[in-house]
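Have a look at the structure below before the remarks.
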Amino acid sequence: MRRVLLASVLSVVAMIGMLTAPLACAQTPAIPDTPAGVVLKAWLDAFNSGDSARMEAYYQKYQPDMNAANQLRFRDQTGGFDLLSIERSDPTRLLFTAKEHKGETTAFGLIEVSPTEHNKVTTWRLQAMGANVPASATHIDAAERARVIDGAIAQLGEFYVFPDVAKRMGDSLHARAGRGAYDADDNGLIFALQLNDELRAISHDKHLRVDFSARALPPQPAAPPRRTPEVIARQQAQMDAINCGFDKAEVLPDNVGYLKFDMFADPELCGPTAAAAMSFLAGTRALIIDLRENGGGSPAMVTYIASYLFSKRTHLNDLWERKSGGTEEFWTRDSLPGRKFGGEKPVYVLTASRTFSGAEEFSYDLKTQKRATIVGETTGGGAHPVSGHRIDEHFIIGVPMARAINPITHTNWEGVGVEPDVKVPAAEALTTAQKLIRQKTQP
């Protein structure tokens, strides 16, 4: 089973299709003058402008946990969005459909704001739904709600890393359904969010997630699909299109290396890219690794990149799987392509509150091995690898099925995050690390 230390596998499924609405609208729908409507208008104005300063101002005001630079790249991909319809509107919740400028892609959006702090966005979803899928495809009935609840309980009971917590979640879902708590949820996206809220309130597990797709999901295969040459070529092309998540590899003044990458991709596909970046920076006198936008990924890539930072074989992490009861050990590799940075020169890892999952493991591994200084904010707190399970044609659940066990601390960062050695706002982490290097090392 291929493991990931983030829930993005579910996001891919959730983005399978797009919602379309009639394109022959005579005019743009009126946006309600409500707290949620104000946010939608502000987002459309900033996002469609393509102006970095306006987008930065929007995200600082309404969604400070989001990164404006990443959203600017998303804007460049889509060209912005045209509002197609307002599907439902309450003062603090708004559902809408929109179409991207550069293609036929349409999406279903949900905005929720705090009842007391109207500038605080509590839920933001822009979910692709699939070409030629009407808005009515998001409608669900009582039979599907019951099927999804039963399916979610079954998957949690079989796979969730803590069986006692799985039982509490199942009992809670049954009790809430019996009281009619979900009877008003006739929209699949909202129902999925309601289940997320309930399950996370009990488990406090940020990897646990239910997702909805308006288009029918393919049947879950009985075994992992074969990685044929055609499949590998397609996956490689997808990774190449984003350079395997590697954003920057450069030498800063005073021969300080700087590496920024935003995911831990499969080393079978992206090992050469990682090796090239690490080899390029191997001769620098100190190395800064920027994980402030990194949401995690493959544990194998965590080990692969970390291996360039040690001079001898080192035990980094273990993963214990609930269903099998087996434990997989992760050690640095002895043999690597290119040049190593080595285990003696200083390394600084930059973190933010949104640093998550595999990026947290990388930070935690290096911190516990005393191999790096962590600079920035406490990370998100997700240490349980997740696997996706199809519930029915429209719902999938990501079930955390294993837990990390550090060989030094014999625990992990679940629920608490990785505490930085030098705590500063994420925006100040890079300059702080550079200052620390100037203080502690000589050219």
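Just to be sure I understand: with springs between alpha-carbon atoms less than 10 Å apart, which residue in 413, 124, 331 has the highest mean-square fluctuation in the Gaussian network model of the chain?
In the Gaussian network model the winner is 124.
Dimensions of the chain along principal axes (Cα, Å, largest first)?
On the principal axes, the chain reaches 64, 50, 48 Å in Cα extent.
Amide H neighbours of residue 264 under 5 Å, counting only residues 5+ apart in sequence or on other chains, H built in-plane at 1.01 Å?
For residue 264, the qualifying residues are 296, 297, 298.
Can you compute the FRET efficiency between residue 61 and residue 251 using 1/(1 + (r/R0)^6), with r the Cβ-Cβ distance and R0 = 25 Å? Round to the nearest 0.05. Could the numbers behind the result be given before it?
On the way: r = 36 Å, r/R0 = 1.44.
Using R0 = 25 Å, I get an efficiency of 0.10.
Using mean Cβ contacts within 10 Å as the protection proxy, how do 83-95, 385-397, 231-243 order, highest first? Present the calculation step by step, with values, prior to reporting the outcome.
Numbers: 83-95: 17.6, 385-397: 21.8, 231-243: 12.5.
Most protected by this proxy first, the peptides run 385-397, 83-95, 231-243.
Can you show me the helix-derived [θ] at 222 nm for the chain, built from DSSP H runs with n ≥ 4 at -39,500 (n - 2.57) apiece and divided by the number of residues, rounded to the nearest 500.
On the way: 12 runs with 152 residues, N = 443.
The helix contribution divided over the chain gives -11000 deg cm²/dmol.
Under a 10 Å cutoff between Cα atoms, tell me which one of 383, 137, 223 has the largest fluctuation in the Gaussian network model of the chain.
Evaluated over the chain, the most mobile residue of the options is 223.
Cα convex hull of the stretch 133-258: how many Å³ per residue?
Details: hull volume 26.9 nm³, N = 126.
Spread over its residues, the Cα hull of the stretch 133-258 gives 213 Å³ apiece.
If you line up the long axis of helix 229-241 against the longest principal axis of the chain, both from Cα atoms, how many degrees apart are they, to the nearest 10?
Its long axis makes an angle of about 80 degrees.
In the stretch 154-199, which chymotrypsin sites (Phe, Trp or Tyr not before Pro) are in a loop and have at most 13 other Cβ atoms within 10 Å, using DSSP for the loop call?
Numbers: sites: 159, 160, 182, 191; in loops: 160, 182.
Those that pass, being in a loop and sparsely packed, number zero.
Against the longest principal axis of the chain, how steep is helix 188-203, in degrees 0 to 90 to the nearest 10, with axes from Cα atoms?
50
Answer with one residue from 169, 151, 60: the one whose Cα lies farthest towards the positive end of the charge dipole of the chain, charges on Cβ with Lys, Arg +1 and Asp, Glu -1.
60
So which residue, out of 214, 276, 286, gets the largest mean-square fluctuation from a GNM of the chain using Cα contacts under 10 Å as springs?
276
Could you tell me the center-to-center distance, by alpha carbons, between the stretch 373-443 and the stretch 287-363 in angstrom?
One Cα centre to the other: 11 Å.
What is the helix-to-structure angle for 142-159, meaning the angle in degrees between its Cα long axis and the longest Cα principal axis of the chain, kept from 0 to 90 and rounded to the nearest 10?
20
Quick one: dipole size for the stretch 256-333, taken about the Cα centre, charges +1 on Lys/Arg Cβ and -1 on Asp/Glu Cβ, in debye to the nearest 20.
Numbers: 8 positive and 9 negative charges, 62 e Å.
With only Lys, Arg, Asp and Glu charged at Cβ, the dipole is about 300 debye.
Values quoted throughout were computed directly from the atomic coordinates according to the rules given, and no laboratory measurement underlies them. The shown structure was predicted, so the numbers you read here are calculated from the model rather than taken from an experiment. Note: ideal-geometry Cβ built from the backbone for every residue, glycine included; neighbour counts use all protein chains shown.
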